[in-house]
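One structure is given below, encoded as structure tokens.
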Number of protein chains: 2
Amino acid sequence: MTTTIKLEKKVLSENDKLAAEIRDELTKNKVAALNFVSSPGSGKTSLLEKTLQALRSEMKIGMVAGDVQTENDAKRLISAGGEKIKPIVTGGSCHLDAKMVSKVLPEIDSSDLDLFIIENVGNLVCPSSYDLGEDMKVVLISVTEGDDKPLKYPSMFRRSSVMVINKIDMLELCDFSLETVKKNALQINGDLKIFELSCRTGEGLEEWYDWLKELVKGKREA
Amino acid sequence: MTTTIKLEKKVLSENDKLAAEIRDELTKNKVAALNFVSSPGSGKTSLLEKTLQALRSEMKIGMVAGDVQTENDAKRLISAGGEKIKPIVTGGSCHLDAKMVSKVLPEIDSSDLDLFIIENVGNLVCPSSYDLGEDMKVVLISVTEGDDKPLKYPSMFRRSSVMVINKIDMLELCDFSLETVKKNALQINGDLKIFELSCRTGEGLEEWYDWLKELVKGKREA
């Protein structure tokens with residue numbers, strides 16, 4: 001057990017060093033950076049498709065799409081008009097680490113970016129431990145997953161700055177209370193900024209876009 | 001990297017040893033054993049609640065409910081009439097391992113069981129690597145998660161014997177094709193036994209119950 005813990009600490013401290021280098025580069029270039037995390041199928045790629053379509057005319061957006069297998073998400077983002085999109089296939093690993101991001105970042109060229117979004121592997125546990133150099137983690141939860149998830153996977157909600165509740169068009173078919181999920185999430189992390197939206201109907205997307213625009217503006221002026 | 005790989009191999013081989021002991025005990029007692037795996041919120045607990053309600057009068061069922069935090073799932077299963085239900089709170093770990101199951105199994109007393117079901121942590125990646133002494137893994141996927149998931153998380157579908165497609169009552173609201181998900185899953189694992197059901201409407205549950213009854217009967221007569 002001791003060996004496992006020591007090794008885990010070493011892996012994480014090496015990761016943190018690389019993450020700090022990524023953060024330095026992005027900060028120098030005044031790029032806002034988000035790390036999208038969620039269960040598989042919560043709608044990370046769908047929200048990024050919508051975001052690209054809505055904002056790519058007014059800001060330069062780069063994205064990295066991580067998956068255990070397939071480059072399907074990256075292909076979807078390119079089809080949505082993304083120009084600086086790179087896939088990372090982890091080949092079995094349950095999370096992205098800073099080394100993987102560091103390797104593809106030069107191909108995206110952060111000196112020519114306003115916003116950089118990392119779409120992590122769909123996993124509500126392991127990616128919470130890995131800093132990728134982002135300004136903040138954005139955790140997505142869809143209403144079909146149940147309003148108890150923040151209590152059952154607290155680390156992810158504790159380490160995120162934003163929670164996006166997706167698929168609110170399906171609320172009436174689900175035993176899911178918006179009030180309960182927000183209460184549960186804020187109990188874990190009282191500072192969470194919360195959005196409620198539906199990528200399918202478009203409800204709530206304007207607030208999300210406005211927030212992103214403010215974020216990018218703040219970074220430019222920093 | 002070499003150290004990590006060696007250590008991982010060692011952890012897995014220790015796990016396999018304990019899993020073999022669990023399997024020996026369950027086989028000796030003629031208990032059918034399933035390991036339920038899926039993304040968070042696919043409906044593992046809901047399907048187990050229904051299963052308990054439908055079958056507890058005709059067979060003795062024991063269950064272990066694993067979660068990163070909270071004993072909520074175990075409480076739900078007890079409310080559904082389960083008598084031999086034990087929670088495992090992993091406290092951060094992204095999967096159950098054989099040691100955790102081995103520790104609670106004596107409290108369930110497998111000599112007085114027909115069916116033993118382990119509800120794993122909601123995670124479509126890591127639990128695939130851990131044998132818990134089960135006869136087979138049952139992977140759940142809900143139609144809200146997208147029909148591409150077997151291709152993106154192939155290991156879980158490769159190591160499962162059964163795939164349950166849940167929440168089929170939501171099909172018309174989702175961009176999800178039953179045909180595509182089955183094609184994708186069978187491409188990864190041609191031997192998968194597939195069920196399509198909805199815990200909410202009850203559609204498809206009878207076939208699932210019948211299969212469980214046959215499984216238990218087969219085990220008794222083995």
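Please treat every number below as a calculation from the coordinates, not as lab data. Not measured: the values here are computed from a predicted model. Positions of Cβ are generated from backbone atoms using ideal geometry, with glycine treated the same way; all protein chains shown enter the neighbour counts.
Of the DSSP H helices in chain A, none is both long (alpha-carbon extent of 27 Å or more along the helix axis) and hydrophobic (Kyte-Doolittle mean at least 0.5). Computed over region B:104-222, the range of Cα coordinates on each principal axis works out to 46, 31, 25 Å, biggest value leading. Take chain B, connect every pair of alpha-carbon atoms lying under 10 Å apart with a spring to form a Gaussian network, then pick out the residue of B:184, B:120, B:35 with the largest mean-square fluctuation. Among B:184, B:120, B:35, the largest mean-square fluctuation in the Gaussian network model of chain B belongs to B:184. Taking the label point as lying 7 angstrom from Cα along the Cα-to-Cβ axis, what are the distances from residue A:210 to the corresponding position in the remaining copies, in ascending order and in nanometres? Once sorted, the set of distances for residue A:210 reads 5.5 nm.
Over 32 Å between C-alpha atoms is what I'm after, so list which of A:9/B:75; A:152/B:167; A:10/A:182; A:149/B:60; A:182/B:99; A:137/B:50 land there. Pairs exceeding the cut-off: A:9/B:75; A:10/A:182; A:182/B:99; A:137/B:50. A Förster radius of 60 Å combined with the Cβ-Cβ distance from residue A:172 to residue B:109 puts the calculated FRET efficiency at roughly 0.90. Using a 7 Å projection from Cα along Cα-to-Cβ, the label point at residue B:177 is separated from the same position in the remaining copies by 4.0 nm, smallest value first.
Modelled spin labels at residue A:8 and residue A:203, positioned 7 Å past Cα toward Cβ, are 4.0 nm from each other.
Computed over all pairs of different Cα atoms, the Kirkwood value for the hydrodynamic radius of the protein assembly as shown is 22.6 Å.
Find, to one decimal place in angstroms, the Kirkwood hydrodynamic radius of region B:40-103, where the mean of 1/r is taken over every pair of different Cα atoms and then inverted.
It works out to 12.2 Å.
Basic side chains Lys and Arg get +1 at the Cβ, acidic Asp and Glu get -1 at the Cβ, and with that the dipole of the protein assembly as shown about its Cα centre reaches some 1080 debye.
Short to long, the 10 Å bins of the Cα pair-distance histogram for region A:12-221 hold 9, 37, 39, 15, 1 percent of all pairs. The value given for region A:1-133 is a Kirkwood hydrodynamic radius of 15.1 Å, derived from the mean inverse Cα-Cα separation. With Cα atoms as the point set, region B:66-145 shows a radius of gyration and Dmax of 12.9, 39 Å.
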